[in-house]
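Okay, so here's the structure we're looking at.
The values are calculated or read from the model by the stated rules, or taken from the named source; none is laboratory data. No experiment lies behind these values; they were computed from the predicted model shown. Glycine also receives a Cβ, built like all others from the backbone with ideal geometry; neighbour counts cover every protein chain displayed. The area values use the complete protein model at the heavy-atom level, side chains included, leaving out ligands, DNA and RNA. Shrake-Rupley method; radii C 1.70, N 1.55, O 1.52, S 1.80 Å.
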Amino acid sequence: MITLSSDFGAPYPAAMKGVILQRVDTRLVDVSHEFPRQDVRAAAFWLREVLPWFPPAVHLVVVDPGVGTDRRALVVRAGDHALVGPDNGVLLPAARRLATAAGAANGGNGDGDGEVEVFDYAYGDPASRTFHGRDVFAPAAAAVHEIGVDDLGAADRLTPTDEYEAVSFPDPSLDEAGADGEVMVVDDFGNVVTNIPGETLADHVGNQLEVNGVDAPVVRAYAERETGERLVTVGSHGNVEFAVNQGRGDEAFGLAPRDTVRLSW
């Protein structure tokens, strides 16, 4: 299986699929091609949340504002998975989560970031300097699939490296009166996803809190509020999010990605 993720929209992903299918006979699964344009951190966040739900696969990721420059191409081995994409940090959060899950499955405690193996992928002069998804990364994903994750260390075009970019996410700060955090992403529903861990709300369900001075109750489900009413809850990602039942939380709370938030109780 090869998954595909990008910020390309349409029709560019079809060309990547065509390149892959010329080389290998495999199942292709789209994760998303609607990641925020050129937003490496947002893509890294969503991939970290989504890819661990897949069985072993090769994951092709192209969110690449540096396309056509001298930034490198990487292949990352994480347990039974491999990730292929640009060296701009987008691959590492998901790879570490996948490796941590693999370690837990093999008897580890699953805590912390997992160990990964990173390889430089050597490529020649691509046909286009503006579409490395088609000309560099799709052939690389096909090659990795054909070689097999376990045999990457013996592949001709792959060289182990310990120098690579890695996206890092900010840590929240907690005190007796509340939590300070940052908006990580806003999903298509307008739900505002923060970096504040959901367990901080454990003792506050049903209570009224303040989000940057705006009042909202803590609930377990959106429908516990009337249509159009603000709420604070824990999303499927395990983080605190600010939302509106059948509405847009980003508009109601006046928040956007990378904004700082103060959650007070």
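Results for (1) over 30 Å from Thr200 (Cα atoms); (2) among the hydrophobic types (A, V, I, L, M, F, W, C), shown as yes or no for each residue.
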{"residue": "His145", "(1), (2)": "yes, no"}
{"residue": "Asp150", "(1), (2)": "yes, no"}
{"residue": "Gly153", "(1), (2)": "yes, no"}
{"residue": "Asp156", "(1), (2)": "yes, no"}
{"residue": "Thr161", "(1), (2)": "yes, no"}
{"residue": "Tyr164", "(1), (2)": "yes, no"}
{"residue": "Val167", "(1), (2)": "no, yes"}
{"residue": "Asp171", "(1), (2)": "no, no"}
{"residue": "Ala177", "(1), (2)": "no, yes"}
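If Gln38 passes every condition in (1) at negative phi; (2) in contact (Cβ under 8 Å) with a residue 12 or more places away in the chain; (3) not in a strand (DSSP E or B) but one, which one does it miss?
Failing condition for Gln38: (1).
Looking at this structure, is Arg220 at pLDDT 95 or above and in a loop (DSSP other than H, G, I, E, B)?
yes
Please specify each residue of region 238-265 satisfying the condition of being at pLDDT 95 or above, under 16 Å from Pro172 (Cα atoms) and open to solvent by 10 Å² or more (accessible area, probe 1.4 Å).
Across region 238-265, the qualifying residues are Gly238, Asn239, Pro257, Arg258, Asp259, Thr260, Arg262, Ser264.
Quick one: in region 151-205, of everything that is part of a strand (DSSP E or B) and of a type in the set (S, T, N, Q), which residue is surrounded by the fewest Cβ atoms within 10 Å (Cβ to Cβ)?
By that ranking, first place goes to Ser173.
Given the conditions (1) touching a residue at least 24 places away in the same chain (Cβ under 8 Å); (2) in a loop (DSSP other than H, G, I, E, B), which single one is not true for Asp70?
(1)
Pairs only if they're at least six apart or on different chains, beta carbon under 7 angstrom, first in region 125-140 and buried (at least 16 other Cβ atoms within 10 Å of the Cβ), second outside any helix (DSSP H, G or I) and of a type in the set (Val, Ile, Thr); list them, first residue then second.
His132/Val67; Gly133/Val62; Phe137/Val62; Phe137/Val84; Ala140/Val75; Ala140/Val84
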